[in-house]
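A.B. asks: Quick one: structure below, then a few questions.
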Amino acid sequence: MLTLRRKEDFGEAFRTTVSHTKMHKTLQVPAPGSLGPVTPEEARLLEKLDLTRLPRHVAVIMDGNGRWAQKRHLPRIAGHRSGTQSARTTIETCARLKIEALTLYAFSVENWRRPKAEIDFLMQLLREYLRKEMPLIQKNEIRMRFLGRIGELPPGVQKDVREAMEKTAGNQGMVLCVALNYGGRAEIVDAMNAILEERNGHGSAERISEEQLARYLYTEGLPDPDLLIRTSGEMRVSNFLLWQIAYAEIFVTETLWPDFNRARLLEALLEFQKRERRYGGIREGEAPVEKPARAAGH
Ligand code: FPP
């Protein structure tokens, strides 16, 4: 059944009416004015979406900006610029759907290997994005976090990142994490070193638990992503949230990131809802073969 979370959240500009086949109820889906009206395709997808079973945390590997530009005989940076529109649509849609957290992989520790001009452009683009999108981020009550070795970024970027976190710290809506100078292995190493540093003072030889390690990751306090989306068809996790995606459903689409629009996002959410999540256990009602107190599985 399609159940709406909070009717009063619905905005005017992105108001659509979808008749529910069984319940003959009206679904009005919110979104800010910048998103534009719902297309018939989106309306069909929204009708199928169960708003009570959305992922708590969506993580996205935004890939394919370069190929998108190449196909159009444009410089790679044109693909990155166009990709900011997809980021905006994804952020606003997830916020309006009341998804708890969204993490976007904007720049990896490996991305420093790219040409300097492209790196400089990406850093400028991020700064521009933070400046221009701040009113919309505030309007949607989004709280910003940045995951990665932020202290290694150019000083201007560090300043903007700090300011964005400070300005949005009191917001109560979705947490938007931008993974910046991020590496999954680096994150685990940073967490281990933070634990060691704390222990050195106390001489503690206690074993480190999963819970303790998780508290030292950049994502501390956030639920693990339950949906990982990767655009442009590559079947890789690319050093992204290695610890946190242990049980995430992975959705890979051929769509290149600049073409990833609201309909494609809704398709990913629908696919997530079709998956059966067992966390290494067995299907409900299914008799265990042996005696798996905690069945191992994948
Ligand atoms: C991968 O495309 C994309 C990135 C390196 C991330 C950059 C993302 C954006 C600029 C989107 C905007 C996001 C924010 C948060 C401002 P690629 O260059 O690897 O594409 P390719 O594999 O086709 O070469």
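The values are calculated or read from the model by the stated rules, or taken from the named source; none is laboratory data. Worth saying up front: this structure is predicted, and the values here are computed from it rather than measured. Counting neighbours? That spans all protein chains shown, and the Cβs are built from the backbone with ideal geometry, glycine included.
A.B. asks: Go through (1) over 23 Å from Met144 (Cα atoms); (2) buried (at least 22 other Cβ atoms within 10 Å of the Cβ) and name the single condition Tyr105 misses.
C.D. replies: (1)
A.B. asks: Name the pairs: first residue in segment 251-264 and within 17 Å of His80 (Cα to Cα), second residue more than 12 Å from the ligand (Cβ to nearest atom), Cβ to Cβ under 7 Å, at least 6 apart or on different chains?
C.D. replies: Cβ pairs passing all conditions: Thr255/Arg264.
A.B. asks: Follow-up. Is it true that Asn181 is modelled with pLDDT of 95 or more and in contact with a Phe, Trp or Tyr (Cβ under 9 Å, 6 or more places away or on another chain)?
C.D. replies: Details: modelled with pLDDT of 95 or more: yes; in contact with a Phe, Trp or Tyr (Cβ under 9 Å, 6 or more places away or on another chain): yes.
In short, yes.
A.B. asks: Restricting to segment 41-62, what's the tally of residues that are in contact with a strand residue (DSSP E or B) (Cβ under 8 Å, 6 or more places away or on another chain) and either of a type in the set (Asp, Glu) or outside any helix (DSSP H, G or I) (or both)?
C.D. replies: 9
A.B. asks: Listed residues Val178, Val189; which is hydrophobic (A, V, I, L, M, F, W, C) and surrounded by fewer than 15 Cβ atoms within 10 Å (Cβ to Cβ)?
C.D. replies: After applying the criteria, what remains is Val189.
A.B. asks: Taking the condition in a helix (DSSP H, G or I), more than 21 Å from the chain's Cα centre (by Cα) and within 14 Å of the ligand (Cβ to nearest atom), does Asp190 pass?
C.D. replies: Spelling it out, it is not the case that Asp190 is in a helix (DSSP H, G or I), more than 21 Å from the chain's Cα centre (by Cα) and within 14 Å of the ligand (Cβ to nearest atom).
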